[in-house]
1. With a cut-off of at least 2 residues that are out of contact with any helix residue (DSSP H, G or I) (no Cβ under 9 Å at 6 or more places or on another chain), open to solvent by 20 Å² or more (accessible area, probe 1.4 Å) and over 23 Å from GLY114 (Cα atoms), name the helices (runs of 4 or more DSSP H) lying wholly within region 1-67.
2. For GLU96, are the conditions met, namely being open to solvent by less than 20 Å² (accessible area, probe 1.4 Å), modelled with pLDDT of 95 or more and among the acidic types (Asp, Glu)?
3. For region 69-104, give me the residue count where each residue is under 26 Å from SER27 (Cα atoms) and in a strand (DSSP E or B).
4. Residues of region 71-93 being open to solvent by less than 10 Å² (accessible area, probe 1.4 Å) and not small (Gly, Ala, Ser), which ones?
5. Name the strands (runs of 3 or more DSSP E) wholly within region 105-205 that hold at least 2 residues that are modelled with pLDDT of 95 or more, open to solvent by less than 40 Å² (accessible area, probe 1.4 Å) and in contact with a helix residue (DSSP H, G or I) (Cβ under 8 Å, 6 or more places away or on another chain)?
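The values are calculated or read from the model by the stated rules, or taken from the named source; none is laboratory data. This is a predicted model, so every value here is computed, not measured. Virtual Cβ from ideal backbone geometry, glycine too; neighbours counted across all protein chains shown. Surface areas here come from the heavy atoms of the whole protein model, side chains and all, with no ligands, DNA or RNA. Shrake-Rupley method; radii C 1.70, N 1.55, O 1.52, S 1.80 Å.
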Amino acid sequence: MNEQQQMLEDLANGLFAELGSAATMESSWSAIAEVSLEGLLLSEDQGGFGGTWEDALTVFRLAGYHALALPVAEAAVAAAIAGKAGKRGTVAAATEGRITGDRFSGTLRGVPWGHEAAYIVAPAPDGGALIIDAADGQITAGSNIAGEPRDSVAFQDAMVQRSPADPFALMALARVAQIAGALDSALALSVGYVNERKQFGRPLAKFQAVQQALATFACEAAAANCAAMGAAQAMARGHAPFEIAAAKLRANRAVGTGTALAHQVHGAIGFTEEYQLHPLTRRLWAWRSEFGGDSHWSQQLGAPIIEAGAARFWPDLTALTG
């Protein structure tokens with residue numbers, strides 16, 4: 001981590017810890033805008049921070065760690081694709097409809113905080129991204145299992161701009177970073193709890209079964225963090241379809257094991273809304289399925305390997321870091 005990333009980490013950590021899972025757009029987004037985090041991936045010429053994907057990993061991971069209830073990742077990715085500073089955008093998970101010339105008719109689904117956005121970036125059915133003015137659509141409110149807004153927005157003959165970027169993959173990488181941070185946070189809570197909680201006259205942390213569970217949890221959290229770092233580094237070098245697919249799949253699988261163990265060592269208290277594990281695990285379960293679940297990314301990884309043949313697997317894999 002370089003000096004700039006350390007400063008960014010200190011800034012984001014303090015801010016996100018203060019805002020946390022109870023933040024609202026009305027009361028808290030101004031604090032995000034004040035430090036220009038939505039322009040994290042925009043160049044300085046575009047009015048942004050000029051950060052890399054390794055910088056973004058630092059910020060998105062901390063957003064996950066603190067279960068931040070604000071669309072920092074979505075706004076930053078949208079701004080990077082649209083090349084827009086000053087207006088808050090978001091990224092849709094799915095596009096249903098047709099494009100005729102520069103017009104779109106259809107529905108965007110899984111739109112985080114769509115009712116708060118000035119524009120929406122969405123995956124185009126024929127590849128690349130669509131950029132659409134949110135005011136041209138009809139918004140239907142929705143939410144994921146964590147209670148975060150996930151709206152649907154219907155458009156009729158709306159003007160669109162195009163970008164060659166892949167918003168689905170970029171948001172998948174953002175979710176990997178958030179998952180990695182949230183798993184680390186849930187692990188820290190679990191370690192703290194078993195050291196404080198006593199049973200049969202000694203802390204839970206002294207029981208071998210609990211130690212083994214937390215060791216397994218720590219391995220899963222580390223795997224998600226390594227996957228996130230590897231994909232971010234690949235993005236900093238340029239194109240990273242393999243790395244993003246592998247990272248999202250590995251992070252998704254870490255969620256199942258990690259959250260199960262976290263709740264196992266916490267017992268019933270982990271399910272109470274007032275306890276911090278609750279917003280972490282609900283977000284982890286939601287992020288696991290957003291922007292590609294296990295089936296999607298397994299297919300994205302496996303199909304090219306099968307097509308190329310077994311003899312090409314190792315040479316193609318090693319060439320990624322060449």
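1. So the answer is 3-19.
2. Against the criterion (open to solvent by less than 20 Å² (accessible area, probe 1.4 Å), modelled with pLDDT of 95 or more and among the acidic types (Asp, Glu)), GLU96 does not qualify.
3. Going through region 69-104 one residue at a time, the tally reaches 3.
4. Just the residues of region 71-93 that are open to solvent by less than 10 Å² (accessible area, probe 1.4 Å), to begin with: 71-79, 89-92.
Result: PRO71, VAL72, GLU74, VAL77, THR90, VAL91.
5. Correct list: 119-123, 129-133, 150-163.
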